[in-house]
1. Order by neighbour count: 135, 35, fewest other Cβ atoms within 10 Å first, most last.
2. Between residue 28 and residue 152, what is the FRET efficiency for a Förster distance of 35 Å, r being their Cβ-Cβ separation, to the nearest 0.05?
3. Quick one: net charge of residue 116's neighbours, Cβ under 12 Å, K/R +1, D/E -1?
4. Segment 257-286 to segment 1-38: how many Å between their Cα centroids?
5. Hey, what D do you get for segment 3-59 in µm²/s if you plug the Kirkwood alpha-carbon radius into Stokes-Einstein at 25 °C and 0.890 mPa s?
6. Please report 102, 297, 13 as a ranked list, fewest other C-beta atoms within 10 angstrom at the top and most at the bottom.
7. Quick check for you: which residues of segment 255-288 have the amide N under 15 Å from the point 7 Å beyond the Cα of residue 297 toward its beta carbon?
8. To the nearest µm²/s, what D does Stokes-Einstein give for segment 72-151 at 25 °C and 0.890 mPa s, using the Kirkwood radius over alpha carbon pairs as Rh?
Amino acid sequence: MVVFTCNHCGESLQKPKVEKHYAFVCRRPKFLTCVDCFKDYREDEYVVHTKCVTEEERYAAKGSLPNGIVKKGEVKQESWVEMVRSVMNKELNMKPSHRNLLNKILTFTNIPRKKPKFLNFIKSSSGGRVNMKEVEEVWDIIEKYKNEQSANKSENNTKNGSESNATINKTDELKKSSSKAPSDNTELVEVEKQNSKAKRKNLDEDVTVSKKKIKLEENSIIEETQTENEKFSFQDEIIRIVTSKGRISYKKLEKKIINAYLKHSGKTEVTPKVIKKFSKNLRKISNIEVQDDYVSLTC
């Protein structure tokens, strides 16, 4: 509920108590300040000020509260107040007492939306100085307007549903009519299907050829690897050269073996892996002796 401060005496006043304060306490022109937004109001300007920022929203750090925050309670209350205004605008032949009561209701921000609570609220807010029969009559007017609005809304929904169903039926009819197209369209569709099948067949053949090429390349690599591993023997070549020379330098023997390996494998570059393989195979031969950088056979 909105709370004001009297700028004459400094007393805090809830909105329903403003009129009583200036009628019996201050007896001066109305001059109020809202305690939440600090806006000043003179005379009856305060009547339209029905809600304000909350204390949490006013003192919260900048950016800590989301922009455009929507509170369900406020939305429902605004809808209720808007309905009361609509009733006043529609019912032009309303009794003056009923209209005055509705105008008073619009000054509150927490109007109950159920009949028992509504009646108690009006009775307590007026201090018991109200004709409860007229309050019930006002409630009946509001309830009647509310029911009419609900009926109109249901009728609009039904109408929209019927239009939607009509649209769906029309779409189905169009689909059926399109399925009964002339024979020329049917022949065109058949030609397109045949072309699509031919393209798909050519694509499958291209994929098959590519797979065969990849398989041949893989088999070639495997055959080369197998030839290299099975037919060239570092140990046999080392024994052959050392036996023919009797005694040979390590560097010269290494060069001869590597050249023989490159010639056999068809490769052109010497890798550290080949040199390491030569050294490893040389150490494995039991009747070969390496001394002072020379290689020879042992007895």
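Where a number appears in this text, it was derived from the coordinates with a stated rule and is not lab data. It should be emphasised that the depicted structure is a prediction, and the values quoted were computed from it without experimental measurement. Note that each Cβ is placed from the backbone with ideal geometry, even for glycine, and that neighbours are counted across all protein chains shown.
1. Listed from fewest to most nearby Cβ atoms, that is 35, 135.
2. 0.10
3. Counting the neighbours of residue 116, the net charge comes to +4.
4. After rounding, the separation between the Cα centres reads 106 Å.
5. Stokes-Einstein gives a translational diffusion coefficient of 213 µm²/s.
6. Lowest to highest Cβ neighbour count: 297, 102, 13.
7. In segment 255-288, the label zone of residue 297 (backbone N under 15 Å from the point 7 Å along Cα→Cβ) covers 285-288.
8. Translational D for this selection: 190 µm²/s.
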